[in-house]
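> Before we start, here is the structure in question, set down as C-alpha cells.
The values are calculated or read from the model by the stated rules, or taken from the named source; none is laboratory data. All figures in this text were calculated on a predicted structure; none of them were measured in a lab. Counting neighbours? That spans all protein chains shown, and the Cβs are built from the backbone with ideal geometry, glycine included.
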Amino acid sequence: MKIKLALAKVILGLSIAVGPLAASAQSIKVTLTGAQEVPPVMTSASGQGSIMVSPDGSVSGTITTTGIEGTMAHIHEAPMGQNGPVIVPFTKTSDNVWSAPAGAKLTDAQLQSLKSGNLYLNVHSAGNKPGEIRAQLKP
C-alpha cells in the first residue's frame, strides 16, 4: 500500500510539473474591419488571418488584406474600444500579406492581456495612419 501511495505521488508530481509544458499553441482566427477601429473607419478594406500564441508567449501567424494598401501592421495592447501601444510589429512578406517576425514574443503581462481580450491587431494605410482595419484578439 505504501508503494502504491508513493507511486501515485510521483505520478501526480510529474503531471503537475509537465502539465504547463504540455499545453499547445493557441490559434486565434481574426477578421479585420474598419468598424472595429477606434474611431470606426468607413472602408471596404478587410483582412483575414490566424495568429498562433505559444504558452511561452511566442507569436507567429499571418494576415491577408484586401482593398487596402497597407503601410504597417501591428499587435497593440488595449481593450476593445480603446487604442494602445504597439507590442508586436508585423512584417510585409508579400502583396497584402503581413506576418509576425521570427522571434516575436509576448511578455507574461501581455499574455495576461491576451487572455483578458486586451490585445488587437490592425493594419494602417496612408489614408488612415492610425489604422484602417482592426480585429480584437479573442483566444
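> Any idea how many residues of region 23-42 are touching a helix residue (DSSP H, G or I) at 6+ places or on another chain (Cβ under 9 Å) and either at pLDDT below 95 or surrounded by 10 or more Cβ atoms within 10 Å (Cβ to Cβ) (or both)? Talk me through it step by step, then tell me what you get.
As a first pass, look at region 23-42 and keep what is touching a helix residue (DSSP H, G or I) at 6+ places or on another chain (Cβ under 9 Å): 26, 28, 40-42.
Going one step further and asking which of them are either at pLDDT below 95 or surrounded by 10 or more Cβ atoms within 10 Å (Cβ to Cβ) (or both), we end up with 26, 28, 40-41.
Total satisfying the criteria: 4.
> Further question on the same structure: For region 29-40, give me each residue that is farther than 16 Å from A78 by Cβ and touching a residue at least 40 places away in the same chain (Cβ under 8 Å).
In the first step, residues of region 29-40 are kept if they are farther than 16 Å from A78 by Cβ; the result is 29, 31, 33-35.
Across region 29-40, the qualifying residues are T31, T33, G34.
> Quick check: is even one residue across region 124-136 buried (at least 16 other Cβ atoms within 10 Å of the Cβ), β-branched (V, I, T) and closer than 15 Å to G34 by Cβ?
Scanning region 124-136 turns up at least one residue that is buried (at least 16 other Cβ atoms within 10 Å of the Cβ), β-branched (V, I, T) and closer than 15 Å to G34 by Cβ.
> Of the numbered conditions (1) more than 25 Å from S24 (Cβ to Cβ); (2) part of a loop (DSSP other than H, G, I, E, B), R134 satisfies every one except a single condition; which is it?
(2)
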